[in-house]
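Presented below is the structure to which this report refers.
The values are calculated or read from the model by the stated rules, or taken from the named source; none is laboratory data. This is a predicted model, so every value here is computed, not measured. For neighbour counting, all protein chains shown are included, and Cβ atoms are generated from backbone atoms with ideal geometry for every residue, glycine included. Each accessible area value is taken on the protein alone, full model and side chains, heavy atoms only, with ligands, DNA and RNA left out. Shrake-Rupley method; radii C 1.70, N 1.55, O 1.52, S 1.80 Å.
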Amino acid sequence: MALPTLKMSMINYGEFSLLAIVLCCFQVLWSAQGQLKVGFYSKTCPSAESTVTSLVKEATSVNPRIPAVLLRLHFHDCFVEGCDGSILVDNVEDPERKAFANQGLDGFGEIETAKAQLEANCPGVVSCADIVALAARDAVNLVETGRRDGRVCNESLAAEIPDVNESIQVLKSKFMKKGLSDKELVLLSGAHTIGSTACFFMTTRLYNFNGKNISDPSINPKFLEELKAKCPMNGDANLRIPLDNVSSQTFDARIFRHIRDGFAVIASDARLYDDNITKRIVDSYVGGSSFLQDFPKAMVKMGQIGVKTGLMGEIRRKCNSFN
């Protein structure tokens with residue numbers, strides 16, 4: 001199946017400058033029950049896309065982290081039961097969002113606000129899964145919708161999500177099980193060029209790497225001092241630090257240079273340099289010449305994981321609970 005060309009542009013909400021890629025470039029999704037398409041709600045809820053655009057702009061003007069937050073939210077959703085909004089559910093005994101790998105996820109409030117407004121205008125029409133996908137759709141010119149919300153949400157299923165402290169072998173295996181290649185592992189990790197992480201996710205890497213009470217030896221010594229100063233032992237675990245300490249608000253290829261030079265912030269990014277195959281792929285993107293072209297293709301492929309359309313799933317009235 002041929003994929004449509006996705007044109008990308010820069011968006012600027014306040015002082016936030018971001019290459020327009022987040023979230024919406026992986027929407028070519030098919031199933032035996034139905035097909036996603038651009039303008040799926042053009043007749044049933046014409047205001048759907050403009051409503052989400054307005055809310056995302058407003059939220060980003062207040063909090064410039066929003067695009068990165070929504071990108072991570074969608075990734076964590078798609079990697080479990082497919083892109084079906086299951087990460088949003090919290091009225092079950094053990095929801096996905098409770099899993100360790102999902103600690104620090106945010107953006108739920110923005111999705112609920114959009115859902116409430118759309119329910120008031122077009123009740124029972126727009127799925128929560130599509131709202132998440134649309135949440136940064138200004139980043140690209142083509143957005144395909146038509147997802148259904150899933151009916152399954154369980155914390156145990158989140159074990160499929162790549163963990164920040166896993167080895168490169170485990171990371172490659174998890175991606176392969178989802179039909180994603182080593183190249184796509186590197187490309188999707190490149191999304192860490194924007195956004196931030198919490199010190200909570202740094203403790204093992206800084207103070208107990210491989211259970212040996214040492215720091216990750218791949219960290220540049222000067223950068224190690226900086227990271228420890230920002231995330232001291234027994235310090236504020238919720239303190240956030242940028243994933244790219246040079247251009248964390250610009251979607252570029254600088255993250256690969258950081259990985260090569262020992263300035264990767266989180267362990268899973270650094271692990272890409274532990275394997276000869278992923279190392280070569282990282283090196284190939286250091287110049288940045290093709291990353292911005294290849295990244296959307298990887299997002300498209302990730303978005304094909306377990307999508308539900310047609311008669312599958314449901315359209316939730318509230319995103320955090322099943323009907």
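General remarks:
- Residue match in region 187-194 (condition: among the polar types (S, T, N, Q), assigned to a strand (DSSP E or B), closer than 20 Å to ARG254 by Cβ and within 19 Å of the chain's Cα centre (by Cα)): no
- Checked against the criterion of being within 25 Å of GLN293 (Cβ to Cβ), at pLDDT below 95 and not acidic (Asp, Glu), region 163-171 contains not a single residue that satisfies it.
- Hits in region 255-269 (condition: surrounded by 20 or more Cβ atoms within 10 Å (Cβ to Cβ) and under 22 Å from THR203 (Cα atoms)): ILE255, HIS258, ILE259, PHE263, ALA264, VAL265, ALA267, SER268, ASP269
- Any hit, region 185-197, residues being more than 30 Å from GLY39 (Cα to Cα), open to solvent by 40 Å² or more (accessible area, probe 1.4 Å) and among the β-branched types (Val, Ile, Thr): no
- Top-ranked residue of region 207-230 - restricted to ones that are of a type in the set (S, T, N, Q) and part of a loop (DSSP other than H, G, I, E, B), ranked as most open to solvent (accessible area, probe 1.4 Å): ASN213
- Positions within region 79-129 being in contact with a strand residue (DSSP E or B) (Cβ under 9 Å, 6 or more places away or on another chain) and outside any loop (DSSP other than H, G, I, E, B), in sequence order: SER86, LEU88, GLU112, LYS115, ALA116, GLU119, CYS128, ALA129
- Some residue of region 231-252 being of a type in the set (A, V, I, L, M, F, W, C), surrounded by 21 or more Cβ atoms within 10 Å (Cβ to Cβ) and modelled with pLDDT of 95 or more: yes
- Those helices (runs of 4 or more DSSP H) lying entirely in region 231-301 with at least 2 residues under 17 Å from LEU180 (Cα atoms): 267-270, 276-285
- Residue count, region 292-319 (criterion: under 19 Å from ASN91 (Cβ atoms) and surrounded by 20 or more Cβ atoms within 10 Å (Cβ to Cβ)): 3
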